[in-house]
Amino acid sequence: MAIADIQPADELEKEIRAAGGTAAQVSLDVTDPESVAAGFAEAERQLGPLDIVVNNAAIGTPVALIQDLDVAAWERTLKINLTGSMLCIQAAARLMRPRGRGAIVNIASNVAKRGLPNRSAYVSSKWGLLGLTQTAALELVDANIRVNAICPGPVATPHLDEVMQGHARAEGRSVEQVAEDWRTGAPMRRFIELDEVANVAVFLASEESSAMTGQALNVTGGLIMS
Ligand SMILES: NC(=O)c1ccc[n+]([C@@H]2O[C@H](COP(=O)([O-])OP(=O)(O)OC[C@H]3O[C@@H](n4cnc5c(N)ncnc54)[C@H](O)[C@@H]3O)[C@@H](O)[C@H]2O)c1
């Protein structure tokens, strides 16, 4: 597996190797077409042809009402979350089409299917990602490349802590209150585990989902049902 990130991912690489997997780190910036193309080429040089690409890179900020939103912050979020995913799909399509096989999995969010106050940039980027998923699925179906998305609910990660702190500040509440609301907001009344998202990514990348393309699967503990 190639771990492509703008920052080092030594711990993740160690974890994959310890579990018996093959891992290589590739440094790339998803907002830069040249960096993406070079990163994909480097991944293929180290690991062989790429059959599966998971678009996971994203940022969750800014946390502010639209009336107070800084346009540069809005644009940065769309550039990383949406343009970045498009550039990685573009690079993947160029490599996969001649081989006539591939699977692309885009990590969206539960807020790709609903609104959320104070998060217009992130929400819009994730709604856009579902449109991009459906369009890429249609464009690549003839090349036997499937494109699907996952819409996770809140997953207990450092990213979530940072986002909940932003909500607490913006909403004048404590982080504990925000966390309790988010944890109990879904019918299952808990956060989603990392493995519960990863398992669905493995499914969508595998032949087990061979008749699925353009789909957006909810992994939200029942929060989103459509
Ligand atoms: N954590 C949650 O609750 C949650 C819920 C729903 C969806 N998601 C989505 O899941 C995915 C992973 O989230 P996470 O919580 O693990 O966040 P994370 O911050 O741990 O991971 C995101 C990664 O993207 C990388 N990145 C940021 N900008 C980049 C750039 N320009 N080029 C390359 N890499 C870049 C970061 O370095 C980071 O390693 C994201 O798409 C996020 O929107 C997360």
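Any read-out appearing in this document is the output of simple, stated calculations on the displayed coordinates, not a laboratory observation. Computed from a predicted model, the values in this text were never measured in an experiment. Every residue, glycine as well, gets a Cβ built from its backbone with ideal geometry; the counts of neighbours run over all protein chains shown.
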What trypsin sites (Lys or Arg not before Pro) in the stretch 168-211 are in a loop by DSSP, with at most 16 other Cβ atoms within 10 Å of the Cβ? Arg173, Arg189, Arg190
Among the lysines, which have Cα under 18 Å from the Cα of Lys113 when same-chain residues fewer than 8 positions away are ignored? Lys126
Eigenvalues of the Cα gyration tensor times 5, then square-rooted: what semi-axes does that give for the stretch 30-95, in whole angstrom, largest first? 30, 10, 9
Whole-Hz Karplus ³J(HN,Hα) for the stretch 210-223, in order, using 6.51 cos²θ - 1.76 cosθ + 1.60 and θ = phi - 60°, x for Gly and Pro? 4, 9, 10, 8, x, 9, 10, 8, 7, 10, 10, x, x, 4
Glu171/Gln134 FRET efficiency (R0 45 Å; Cβ-Cβ; nearest 0.05): 0.85
Listed by chain and number, the residues whose amide H is under 5 Å from that of Ile192, excluding neighbours fewer than 5 places away on the same chain and using placed H, are Val155, Ala156
Expressed as a whole-number percentage, the relative contact order of the stretch 1-48 with C-alpha contacts under 8 angstrom and at least six residues apart is 39
Give the span of the stretch 1-48's Cα atoms along each principal axis, as three whole-Å numbers ordered largest to smallest. 32, 22, 8
Calculated from DSSP H runs of 4 or more alone, at -39500 (n - 2.57) each and per residue, what is the 222 nm mean residue ellipticity of the chain, nearest 500? -14000 deg cm²/dmol
Built amide H within the under 5 Å cut-off of Asn106, gap 5+: Asn55, Asn148, Ala149, Ile150
Which one, Leu82, Asn218, Ile52, projects farthest toward the positive side of the charge dipole computed for the chain from Cβ point charges (K/R +1, D/E -1)? Asn218
For Lys14, list the aspartates and glutamates whose Cα falls under 19 Å from its own Cα; do not include residues on the same chain fewer than 8 positions away. Asp5, Asp195
With viscosity set to 1.306 mPa s and temperature to 10 °C, compute the Stokes-Einstein D of the chain, Rh being the Kirkwood radius across alpha carbon pairs; µm²/s, no decimals. 87
Over all Cα pairs of the stretch 109-226, how is the pair count split among 10 Å bins, expressed in % and running from 0 up to the last occupied bin? 13, 40, 32, 12, 3, 0
5 angstrom amide H check on Gln25, placed H, neighbours 5+ away: Ile3
Sequence-separation-based contact order of the stretch 99-226, relative, with Cα cut under 8 Å and 6+ spacing, percent: 34
What is the distance in Å between the Cα centroid of the stretch 162-177 and that of the stretch 36-111? 28
Under a crude label model (7 Å from the Cα following the beta-carbon direction), how far is Leu78 from Glu162 in nanometres? 2.2
